[in-house]
Every structure is written in C-alpha cells, then in structure tokens.
Amino acid sequence: MSDPTAAGDGTAETAPVPAKAPGGVTLRGTPVAPGLALGTVHRKDHDVLRAPPTRVPLEQVERELNRFHRSLTESKREIDALKSRLAGRVPVEQIRILDTHLAYLKDSVFLADVENLILNEQMSLEAAIGKVVADFDRIFRLVASETLRERAVDLRDVGIRVLRNLERDAAPEGAGVAAPQEYVLVARELSIVDMFNLAHESVLAIATEEGGLTSHAAILARTMRIPTLTGVAGLLDAAREGSHAIVDATEGVIRLDADEVVRAQYGSRSKAEREVPAAATETPAWARRAPRTRDGTTVEISAAAGNLPEVDAAANLGLAAIGLYRTELLYLLEREQPSLESLAAHYASVVEHARGAGVTFRLLHVDSSLEVGYLHEAREMNPALGRTGVRCLLSRESVLRRQLQALLRAQPADGDARLRIAVPFVVDCGDLRRLKEILFEERYALRRAGVAFQEVVELGAIIETPASVLGARDLAREADFLLVGLDSLQQYLLAADRENHALAPAFESLHPFVLRALASIVEAAEQAGRPLSVFGVTVADPVNVPFLVGVGVKHFTLAASAIGDFVAALTRIDARGARRAAALASRASSIAETQTFVDGYRHGLIR
C-alpha cells in the first residue's frame with residue numbers, strides 16, 4: 001500500500017488511477033534504462049526505514065546489540081556473495097559500488113550512532129537504524145545537484161539490507177509472499193538491495209514510484225540492461241501483487257493488466273528485443289558509415305564516457321573521438337584526494353583504451369552537495385550555484401594543479417597527439433585565462449623536473465550557464481573549442497530542476513528560448529572558426545534531434561549506448577525540413593507553441 005504520510009511531498013497520493021482500458025492501466029514514468037519486458041508484479045514497497053520510535057526495556061538492550069551484529073555479519077556475507085555473482089557480468093568499477101556498502105557495514109560512525117541510540121535512549125534496533133539513515137537521507141532529499149549524489153543513498157541501501165535480514169530472522173517459517181522466479185519489481189525507490197538477492201530470482205524489469213536517474217542502482221540497471229522506470233506516480237496504488245505488467249522503458253510507460261491481444265503484441269516485440277544482445281559482437285552496420293540525414297547531410301558523432309568500460313564500448317564502435325570524458329569517478333570513490341600517480345595512471349589508461357581516438361577530458365565538476373572534504377568545508381546553501389566546476393577548482397588550486405599535471409603526464413609525447421581539456425561551469429573569459437596561466441606554470445615545472453609531458457594543449461569552454469551564452473562570442477575567441485552541456489543549459493535557462501518530476505513537462509521538448517540560445521552559440525562558434533559539440537541526455541531524445549540539426553549543430557557527443565537510436569532518428573530527418581522547423585520553433589513564445597511544431601514535424605506537416 002502507498003504510505004498515507006507521503007501526501008503533500010509530491011509522491012503518489014495526489015495521482016488518480018486511470019480507468020481500466022484494453023491496454024490496461026497505463027502509468028508514465030522517467031526512463032532510466034531502455035527496453036521492454038513483460039511479467040508478473042512482485043511488490044517490495046514495505047518501507048523498513050519508517051519504523052516507529054519504539055523503546056525497549058533496559059534488560060533487552062544487550063539483545064538488541066547482539067541482533068545488530070548478527071545482521072551486520074549476514075549482510076556482509078550477502079554482499080560478498082553478490083559480488084561473486086556479478087563478477088564478469090558488470091564492469092569491475094561498478095562492482096566496487098558494493099565495496100562501498102561493505103565499508104558502511106564497518107563504518108565506525110554508522111555503528112557508533114546506532115549503538116548509542118540503543119544504549120543511551122533504549123531505542124529498538126529497527127528504530128535506531130531508521131533514525132540514523134533518515135538523518136543522511138534528509139541530506140539526499142535536499143541536494144540540488146544533478147551530478148552523483150550517492151553517499152546518503154548507499155547508506156540507505158545498507159540500512160535496508162540490515163533491516164531486511166532482521167525481518168527474515170523474526171518472521172515465522174513460511175510467512176510472507178513468495179516471489180515468482182521471474183518478475184517485474186515494483187517498489188517505492190530503486191535499491192540495489194531489492195534488485196538482487198541470493199535466491200536466483202530474475203528481475204525482468206523495474207518500476208518505482210520515486211527515485212532519480214543517477215543512483216548506483218540505476219547505473220547497474222543500465223549496465224545489466226534491465227528495463228527501468230522511476231517517478232511513476234500512482235504506481236503503488238495501481239500495481240497489485242501478481243498483476244501482469246508491461247514495462248516499456250523506452251517509451252516511459254508501464255501497463256498493468258492489459259488484455260491478451262495487447263500482451264501478444266508487446267510479447268512479439270519483447271522477443272525481438274531480447275534476441276538483439278545475443279547477436280554476434282561485430283560492429284553494427286550504422287557504425288560502419290558516416291552518420292547522415294535522409295537527404296545526405298553528414299554529422300559527426302563522438303562518445304561521452306566516465307569510466308573505462310564506457311571508453312571500451314566507444315572504441316568497439318570505431319568512433320573517432322571520446323568527445324567528453326568525465327573525470328569525477330576517482331574523486332568520489334575515496335574520501336582522500338587521489339594521488340598524482342593514480343590520476344596519471346587512470347588518464348593514461350583512458351587514452352590507451354580509446355585506441356587512437358582523441359579524448360577530451362572534462363576537469364573535475366563537483367559541488368558541495370557531494371561532501372568532498374578537501375573541496376568544500378560544508379554544504380553550501382545552494383550547491384548548484386555555489387563553488388562548482390572551474391569556480392571550485394580555482395578556489396582549490398592545489399587540487400586543480402594536481403589534475404592538470406596528471407593530464408599532462410598521461411598523454412603520449414608524439415607530435416601529432418593533442419591534449420584537449422574542457423572547462424566546466426565557465427562564466428566568462430577570466431576563467432579560461434587563469435586556467436591558461438596555471439597550465440603554463442605546470443608545463444614549466446614538468447619541463448624543469450625532466451618529466452615527459454604533452455606540450456600542445458587545447459583548452460575548451462563548456463557553455464552551460466546563462467552568462468556563458470551571453471558571452472559566447474568572447475568565449476569562442478578565447479577558447480580552442482566549445483562544448484554545450486545541453487541538460488545543464490536548459491535547466492539553468494528555465495530555472496527548472498530536471499530531477500523534479502513535477503517539472504518534467506518543461507523538458508519534453510526544447511524550449512524556444514533554449515533553441516534561440518543554442519542557435520546563437522552555433523553562430524558564434526562558426527564566426528570564430530571554432531569546433532562546437534553538444535552533449536547531454538537531451539541530445540539523444542529523438543524528439544529533439546531534428547531541431548538540433550535544424551539550428552546548425554554538426555557534432556554530437558553521446559553515450560555509446562545511445563548512439564544507435566540517435567543514428568536511427570537522424571536517418572529519418574530531412575535536413576532542409578529540419579531547418580525550417582527549427583526556425584519556426586525558435587520564433588515561438590512558449591513551450592506549448594514549440595510542441596505544436598514538434599508534432600507538425602513528426603507528422604510530416606513541416607517539410
């Protein structure tokens with residue numbers, strides 16, 4: 001059942017359940033991992049973290065402490081077993097997510113906080129864990145950043161795992177609802193604990209009522225190709241245990257209890273999709289020729305990546321470049337700043353795995369919500385508008401200099417290779433000029449030390465702030481290349497949080513003012529003779545592709561997993577019609593008017 005206390009916080013309580021139709025009850029959500037699956041619903045919606053604040057008699061305190069440590073031991077055993085099951089199925093970097101969970105099971109602060117509540121306040125174990133996790137969870141709820149926000153989420157998963165073990169110990173033998181061997185997981189939030197267990201059950205798809213796009217569970221769902229939807233309003237009210245579910249995470253819908261005709265139609269498509277990954281691993285046909293529109297306009301495509309498996313996936317497609325490599329991973333795995341040697345070794349591995357493709361490294365882009373102690377002493381009032389990106393790095397020059405030196409050392413020393421560095425959260429040319437000064441100083445220091453390094457450095461500006469849009473012409477003259485972070489740019493221009501499901505309609509298509517801003521950036525780059533690329537989740541949406549092509553974007557940077565669908569959308573586009581549609585849409589005065597042009601283009605009314 002849906003928790004009645006959730007009313008008013010933007011969750012399911014206000015959403016009406018649609019009437020029964022041949023297609024079943026249809027609910028919409030936010031796609032996390034694309035794909036299609038049909039199966040029986042298995043609910044895991046009981047929120048073990050909302051235990052009432054019960055107290056225990058003094059003589060039972062020791063019993064509660066013993067229960068705690070027994071459950072910790074069992075949780076450690078489960079995670080070790082899960083790591084063994086996932087070995088070879090997911091990249092090593094993602095299995096390390098579970099090492100973070102193991103670390104929390106041994107974390108002295110977590111253990112002491114729970115034990116103190118039991119000893120000093122005679123709180124029951126369930127209530128003590130719930131309170132400790134809730135304190136961290138509150139931080140997660142308030143975070144405004146769209147980058148990784150995992151620490152509170154990881155501790156929440158660990159708390160759930162410990163409490164689920166306590167529930168199993170307390171339950172009478174045979175109690176509870178047995179899960180089918182294959183099922184569609186329906187839950188309040190996306191949790192690694194609920195995704196995997198040790199009973200060899202198979203999760204066909206996942207749908208959750210809450211949750212964002214960036215959690216560790218979402219990363220694993222994408223890697224393992226489990227179709228996943230989050231933010232499905234009304235889900236727990238509509239989905240009963242044992243209901244039949246069709247999860248179409250490509251279209252962003254879940255259909256509950258559809259009739260047999262509809263199930264059969266989806267079933268044939270599901271079978272076809274399941275057979276695709278089993279095909280030979282040869283380079284797909286679309287990757288063996290230059291991507292172009294239906295009328296022959298050629299565009300460039302490069303890959304966006306944030307770890308070595310993603311670089312490998314891009315290299316396997318034969319792409320000419322890694323257009324954006326996000327460098328945050330090493331900084332978020334440990335509490336201490338990565339050493340110069342570990343950074344240089346990692347960046348060298350990225351270059352090696354790229355197999356001759358050029359790599360553009362984005363400098364560290366972390367705000368205070370991630371609580372990286374050597375970057376921020378405390379969480380700022382508004383992290384997304386605080387010290388983040390280059391603003392943060394220039395306030396912590398020792399961190400910036402170490403990263404720049406590692407990048408300089410990681411590059412091959414041949415004359416043809418070029419080091420490309422993208423600067424995030426640029427506001428004006430002063431940011432780039434100071435970066436150039438520091439780069440000069442670091443190259444000079446390496447030269448004096450006799451260390452081999454890359455002499456030629458191209459410095460690019462990432463345009464994602466309103467100020468950088470207004471100053472695009474100046475930045476184009478100052479920088480060697482430009483990138484547009486379309487997700488962030490749209491969010492800042494519209495003053496709308498992409499992770500807020502209530503604001504989702506603002507992102508269903510490109511706002512006309514965003515299109516105007518993008519057209520002005522394209523024009524500035526062309527006049528200055530600077531390469532320009534656009535990246536972000538928004539870029540891969542087939543609805544947006546014609547309009548991006550129409551405003552003159554010729555280079556797109558996408559996750560390797562999204563490129564196939566992007567190319568398929570591109571081949572359906574007539575570039576001349578796209579230019580006319582983009583010109584009309586950008587002259588609109590509201591998102592509703594733009595949506596009219598989107599529909600007109602989609603149905604062939606604009607040519």
- Among the residues of the stretch 139-160, is any basic (Lys, Arg), in contact with a Phe, Trp or Tyr (Cβ under 8 Å, 6 or more places away or on another chain), modelled with pLDDT of 70 or more and in a helix (DSSP H, G or I)? yes
- Kindly check whether there is at least one residue in the stretch 371-393 that is within 30 Å of Ala575 (Cα to Cα), over 20 Å from the mean Cα position of the chain (by Cα), modelled with pLDDT of 90 or more and assigned by TED's automatic domain parsing to the domain that holds Leu435. no
- Task: Given the conditions (1) at pLDDT below 90; (2) assigned to a helix (DSSP H, G or I); (3) crowded, with 19+ Cβ neighbours inside 10 Å, report the number of the one that Leu435 does not fulfil.
- Result: (1)
- Message: For the stretch 367-397: of the residues being in contact with a Ser or Thr (Cβ under 8 Å, 6 or more places away or on another chain), in contact (Cβ under 8 Å) with a residue 60 or more places away in the chain and not hydroxyl-bearing (Ser, Thr, Tyr), which is surrounded by the most Cβ atoms within 10 Å (Cβ to Cβ)?
- Response: Asp367
- When the stretch 161-202 is examined, which residues are found to be under 21 Å from Ser84 (Cβ atoms), modelled with pLDDT of 75 or more and surrounded by 22 or more Cβ atoms within 10 Å (Cβ to Cβ)? Arg161, Val162
- The residue from Leu364, Leu324 that alone is out of contact with any strand residue (DSSP E or B) (no Cβ under 8 Å at 6 or more places or on another chain) and either surrounded by 21 or more Cβ atoms within 10 Å (Cβ to Cβ) or β-branched (Val, Ile, Thr) (or both) is Leu364
- Query: Can you name the residue in the stretch 227-246 that is polar (S, T, N, Q) and assigned to a strand (DSSP E or B) and, of all such residues, is surrounded by the most Cβ atoms within 10 Å (Cβ to Cβ)?
  - Reply: Thr228
- Message: Let me spell it out: the conditions are (1) assigned to a helix (DSSP H, G or I); (2) under 25 Å from Arg587 (Cβ atoms), and Arg448 meets all of them except one. Which number is the exception?
- Response: (2)
- In the stretch 75-114, the residues that are modelled with pLDDT of 75 or more, under 19 Å from Ala221 (Cβ atoms) and either part of a loop (DSSP other than H, G, I, E, B) or β-branched (Val, Ile, Thr) (or both): Ile79, Thr100
- Query: In the list Leu343, Leu332, which residue meets the criterion of being among the hydrophobic types (A, V, I, L, M, F, W, C), in contact (Cβ under 8 Å) with a residue 60 or more places away in the chain and within 24 Å of Glu455 (Cα to Cα)?
  - Reply: Leu343
- Item | Residue in the stretch 203-226 that is surrounded by the most Cβ atoms within 10 Å (Cβ to Cβ), counting only those that are at pLDDT below 85, over 20 Å from Ala81 (Cβ atoms) and of a type in the set (S, T, N, Q) | Ser215
- Item | Filter result (modelled with pLDDT of 85 or more and either in a helix (DSSP H, G or I) or out of contact with any helix residue (DSSP H, G or I) (no Cβ under 8 Å at 6 or more places or on another chain) (or both)) within the stretch 254-295 | Asp257, Ala290
- Message: Within the stretch 545-563, take every residue that is surrounded by fewer than 22 Cβ atoms within 10 Å (Cβ to Cβ) and at pLDDT 90 or above and give me the one that is farthest from Asn307 (Cα to Cα).
- Response: Gly552
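The values are calculated or read from the model by the stated rules, or taken from the named source; none is laboratory data. Nothing here was measured: the structure is a model prediction, and the numbers come from that model. Here the Cβ is made from the backbone with ideal geometry for all residues, glycine too, and neighbour counts use every protein chain on show.
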